[in-house]
Amino acid sequence: MSVYILGVESSCDDTSAAVIEGTSILSNVIASQRVHSEYGGVVPELASRAHQQNIIPVVDTALKRAKIHKNQISAIAYTNGPGLLGSLLVGSSFSKAMAFSLGVPLIEVDHLQAHVLANFLEKKGEEKEKPEFPFLCLTVSGGHTLLLKVNDYFDMEIIGRTIDDAAGEAFDKAAKILGLPYPGGPVIDRLAQTGDPKRFSFAIAHLPGLDYSFSGLKTSFLYFVRDHLKENEHFIEENVADLAASMQYAIVKSLANKVERAVKELRCRDLVIAGGVSANSGLKAAMQRIADKYHRRLFVPTIDLTTDNAAMIAVCGYFKYLQNDFSTIHSAPYSTAGITLKTLTELPK
Ligand code: KG4
Ligand code: ZN
């Protein structure tokens, strides 16, 4: 019998609902909140209010597009954290109420695990190769930068992490400094296509082990632009593509250095990237070069599955459903990462 999972995602600024059958996507509806664009970042209070307005129409549309009646749903999976608490509460309260009224199991999902497991989704009717455990996964988003050794669906070890800002934050901050809209990553990526990545050079942090740091890079970009603006008020508009390309080059180089080290040191067959920043063309190219050099297979989610979406929540829910791993209505959302991920004790130095 088919298993249909309704997924609900509301951890940040996207309200999303999806229906999957097994690991096949039947629908994946995302309502992005434009209200944050003018503020250069997500405003939590505005995000919660927008989720409240969006959640019912988004779920309704997801069911209609999947051509599924609500009574056919096997379980409801929702994001329980990490994320903005006010936003998480909207999705979790809605999911609890709907599961309770339908009499179906409720499944809580960790947003970061879901980004990783997005690589197990396929479009309906599509034949797709899947990563094999254990694999190495670089999870890069607006809130997180993690290097994971993924032993099994729910056995993920942190082998490297950022000690300050996330890679996506560095993209967003660079865009803000250049007067570009939020989210900055896609805009920087597009501008970088026509720019010279070697024109300007920005300091990359060299931390021991597999950890990352992006705050120094962010500050050096800010000071560099500010100092040049003093001499030439048109500095940004005259150099925007080269600035974007050079900043992207620095962020990608920083990410790739540690990934290459981890590939050399850990016995993993496959290399996987996940999270919003995995949509970046420079990062994908750098990961492909590493995969080719060390004869690894590279897995990258399709563009619609890199940034926040409910299909990834649903597939995480599907694997939990198979293990009868259900939640109760007492489960409370959490804001910080790490609840469901463990840190590897034997970190390479
Ligand atoms: O995974 P995600 O949708 O949300 C979080 O869980 O944080 O990631 C959003 C982040 C933003 O920082 C955005 O600028 C970045 O992903 N992003 C990109 C690209 N597309 C989205 N960064 C670089 N290049 C892109 N093409
Ligand atoms: Zn995310």
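The values are calculated or read from the model by the stated rules, or taken from the named source; none is laboratory data. Not measured: the values here are computed from a predicted model. Here the Cβ positions follow ideal geometry from the backbone for every residue, glycine too, while neighbour counts run over all protein chains shown. Accessible surface is based on the protein model in full, side chains and every heavy atom, while ligands, DNA and RNA are left aside. Shrake-Rupley method; radii C 1.70, N 1.55, O 1.52, S 1.80 Å.
Worth a mention:
- Among the residues of the stretch 167-179, those identified as within 21 Å of Gly275 (Cβ to Cβ) and open to solvent by 40 Å² or more (accessible area, probe 1.4 Å) are Glu169, Lys173, Lys176.
- Among the residues of this structure, Asn28 does not count as one that is modelled with pLDDT of 90 or more, out of contact with any strand residue (DSSP E or B) (no Cβ under 6 Å at 6 or more places or on another chain) and not β-branched (Val, Ile, Thr).
- Every residue from the stretch 44-95 that is under 24 Å from Gly275 (Cα atoms), open to solvent by 30 Å² or more (accessible area, probe 1.4 Å) and among the hydrophobic types (A, V, I, L, M, F, W, C): Leu46, Leu84, Leu85, Leu89
- Note on the stretch 254-298: residues that are part of a helix (DSSP H, G or I) and open to solvent by 40 Å² or more (accessible area, probe 1.4 Å) total 12.
- Residues in the stretch 170-202 that are of a type in the set (Asp, Glu), over 19 Å from the mean Cα position of the chain (by Cα) and near ligand 1 (Cβ under 10 Å from one of its atoms): there are none.
- Of residues in the stretch 123-165 being outside any strand (DSSP E or B) and touching a Phe, Trp or Tyr at 6+ places or on another chain (Cβ under 6 Å), the one nearest to ligand 1 (Cβ to nearest atom): Asp165
- Residue within the stretch 206-219 that is at positive phi and either touching a residue at least 40 places away in the same chain (Cβ under 8 Å) or not hydrophobic (A, V, I, L, M, F, W, C) (or both) present: yes
Residue-wise test of (1) within 16 Å of ligand 2 (Cβ to nearest atom); (2) at pLDDT 95 or above; (3) touching a helix residue (DSSP H, G or I) at 6+ places or on another chain (Cβ under 6 Å); (4) farther than 30 Å from Phe202 by Cβ.
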residue	(1), (2), (3), (4)
Asp242	no, yes, no, no
Ser246	no, yes, no, no
Ala256	no, yes, yes, no
Val272	yes, yes, yes, no
Ser278	yes, yes, yes, no
Gln288	no, yes, no, no
Cys316	yes, yes, yes, yes
Lys320	no, yes, no, yes
